[in-house]
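Report on the following structure.
The values are calculated or read from the model by the stated rules, or taken from the named source; none is laboratory data. Only a predicted model underlies this, so the values are computations on that prediction, with no experimental measurement involved. Counting neighbours? That spans all protein chains shown, and the Cβs are built from the backbone with ideal geometry, glycine included. Note: areas computed on protein heavy atoms with side chains; ligands, DNA, RNA excluded. Shrake-Rupley method; radii C 1.70, N 1.55, O 1.52, S 1.80 Å.
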Amino acid sequence: MTARALIIGAPRSGSGKTSVTIGLLRAFARRGVKVRGIKTGPDYIDPGFHEAATHLPGLNLDSWAMAPDLLRHLARGQAEDADLLLIESAMGLFDGIVSEENRSGAASDLARLFRLPVLLVLDVSGQSQTAGAIAYGFAHYDPTVKIAACILNRAGSERHKKLCGDAIEAAGIPVVGTVLRDPSLVLPERHLGLVQASEHPEMDAHIERLADAMEASLDLDAIYAAAKPFDIPAGSARNSLPPPGQRIALAQDAAFTFLYPHLMREWRSAGAQIVPFSPLIDEAPPADCDSCWLPGGYPELHAGKLAAAEKFRSGLARFAETKPVHGECGGYMVLGETLEDADGITHAMAGLLSHRTSFAKRKMNLGYRQAELGQDGPLGRKGDTIRGHEFHYASVVSPGTDAAFATIADGGGRPIGPTGGRRGLVSGAFFHAIARG
């Protein structure tokens with residue numbers, strides 16, 4: 001393999017990793033470097049930004065949900081036709097859960113597993129020489145995780161830049177550039193995080209501004225040189241999720257957007273065909289498909305339109321009479337009886353499961369989940385364990401009368417209880433599946 005790779009980390013969320021990563025991806029692509037992005041953890045939004053910046057598919061790698069062999073398999077697939085991989089950390093570099101060795105979900109697990117150096121992004125707003133102490137701490141916290149260099153972000157002035165940079169370099173850590181504070185570089189957000197790349201009307205122009213800023217502020221040659229050859233052993237797809245059918249009808253529009261890139265890649269590699277359709281333009285799942293998948297997304301923003309999509313709802317009901325239908329998170333909400341939006345208006349949904357959900361009283365549910373399947377279905381056989389994630393603000397206000405889809409525990413194995421619903425060939429839950437346990 002000829003690719004080089006580098007992890008982009010930070011002390012915490014909100015340090016500017018995503019903006020720096022997107023800008024670097026486009027800046028290297030401008031130079032003719034075939035560069036690809038990877039996001040650590042279960043974030044399904046940032047890979048879309050990586051794809052928008054490079055015009056090449058993104059990828060999630062999650063060390064808790066994915067066994068090491070699957071991580072290697074997926075990472076090698078992303079590197080096959082690349083010159084450079086930029087692996088963006090979720091949250092802080094060492095942030096994960098207490099788990100078995102190198103299975104915490106933190107980006108530092110991948111630094112150890114793949115033996116890759118880290119480019120540390122430090123938001124230096126509100127500090128100066130203290131940045132040196134933070135960088136020094138990162139460089140010495142874990143001897144198996146090498147900090148190759150630092151990028152200073154959101155510096156207020158040239159003097160501020162010099163104070164921070166001199167302190168870090170005095171601690172023995174190179175600084176490869178400083179991005180000055182600029183509100184125009186901030187990406188827009190909403191309740192589940194960043195607004196998705198596909199929704200931003202001027203996304204390409206914004207990415208161009210980010211690339212301009214990185215080219216003007218950072219030493220791209222030094223960053224490329226800091227990346228190490230990506231020479232890792234071959235992995236295995238053994239723990240990947242099997243395709244739920246040979247021809248998979250996939251809901252795909254502004255209401256249904258959250259499907260992990262690795263799932264589509266692995267399903268296609270296994271010989272499955274993915275046939276997209278749009279509930280928002282009142283399309284039903286194609287009748288010549290043998291399974292239907294409703295991924296997560298933002299149905300709460302489009303509840304009225306979905307309620308009025310009679311062809312979609314009646315066609316989905318006919319499909320479900322003879323073929324499996326599964327919904328994750330937003331898809332699960334649409335499979336229920338009703339969905340109450342943020343304004344307190346209740347909309348009729350597909351009614352293929354009997355629960356009711358609401359977005360009016362928001363409460364964040366977030367965390368890794370281990371799901372033991374209650375019956376054979378699209379995700380596997382009864383008793384199989386699937387690792388995944390939940391992140392939603394909506395809640396079930398009436399659980400209905402359906403059998404549970406699965407029994408779940410948190411990332412540490414602590415029982416949570418039954419989740420989701422199953423009726424006939426229809427199943428769903430707030431749980432996003434990532435890989436086999």
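For the stretch 290-437, the relative contact order comes to 24 percent (Cα pairs under 8 Å, sequence separation of at least 6). Of all lysines in the structure, the ones whose alpha carbon falls short of 28 Å from that of Lys146, not counting any fewer than 8 places away in one chain, are Lys17, Lys34, Lys39, Lys161, Lys162, Lys228. The stretch between Ala133 and Lys146, if pulled fully straight at 0.36 nm per residue, gains 3.1 nm over its current Cα-Cα span. Rolling a 1.4 Å probe over the protein heavy atoms leaves Leu56 with an accessible area of roughly 40 Å².
Annotation: Asp166 carries an accessible surface of approximately 80 Å², with a 1.4 Å probe and no ligand, DNA or RNA atoms counted. Over the chain, Cα pairs under 8 Å with separation of 6+ residues give a relative contact order of 14 percent.
Going by the alpha-carbon gyration tensor, a ≥ b ≥ c the square roots of its eigenvalues, is the stretch 9-149 rounded (a/c under 1.5) or, if a/c is not under 1.5, prolate (a/b greater than b/c) versus oblate?
Because a/c hits 1.5 or more and a/b fails to exceed b/c, the stretch 9-149 counts as oblate.
Put Val426, Val396 in order of accessible area, highest first, and with a 1.4 Å probe you get Val396, Val426.
Cross-link reach is defined here as a Cα-Cα straight distance under 28 Å, omitting same-chain residues fewer than 8 places apart; for Lys311 the lysines meeting it are Lys323. Ignoring everything but the protein chains, give the 1.4 Å probe accessible area of Leu241 in square angstrom, nearest 10. The accessible area of Leu241 comes to roughly 10 Å². For the pair Lys363 and Ala342 in one chain, pulling the backbone fully straight at 0.36 nm per residue adds 6.3 nm over the alpha carbon distance. Distances between placed amide hydrogens fall under 5 Å for Lys39 paired with Leu59, Asn60, Leu61, Glu88, all partners being 5 or more residues away or on another chain. Every helix of 4 or more DSSP H residues in the chain counts as -39500 (n - 2.57), and over all residues that averages to -8000 deg cm²/dmol at 222 nm.
The shape of the stretch 293-341 comes out oblate: with a ≥ b ≥ c from the C-alpha gyration tensor, a/c is at least 1.5 while a/b does not beat b/c.
When the residues Phe94, Phe277 are ordered by accessible surface, computed with a 1.4 Å probe over the protein chains alone, the sequence from largest down reads Phe94, Phe277.
Considering only Asp253, Asp221, Asp62, the mean-square fluctuation computed in a Gaussian network model of the chain, springs between alpha carbons under 10 angstrom, is largest for Asp221. So which GluC sites (Glu not before Pro) in the stretch 39-117 end up in coil per DSSP with only 16 or fewer other C-beta atoms within 10 Å? Loop-located and lightly packed - Glu80, Glu100, Glu101. Each Lys and Arg contributes +1 and each Asp and Glu -1, all at the Cβ; summed about the Cα centre of the chain, the dipole is approximately 580 debye. Applying 0.36 nm per residue to the separation of Ser184 and Arg112 and subtracting their alpha-carbon distance, the gain on full extension is 22.4 nm.
The shape of the stretch 180-322 comes out oblate: with a ≥ b ≥ c from the C-alpha gyration tensor, a/c is at least 1.5 while a/b does not beat b/c.
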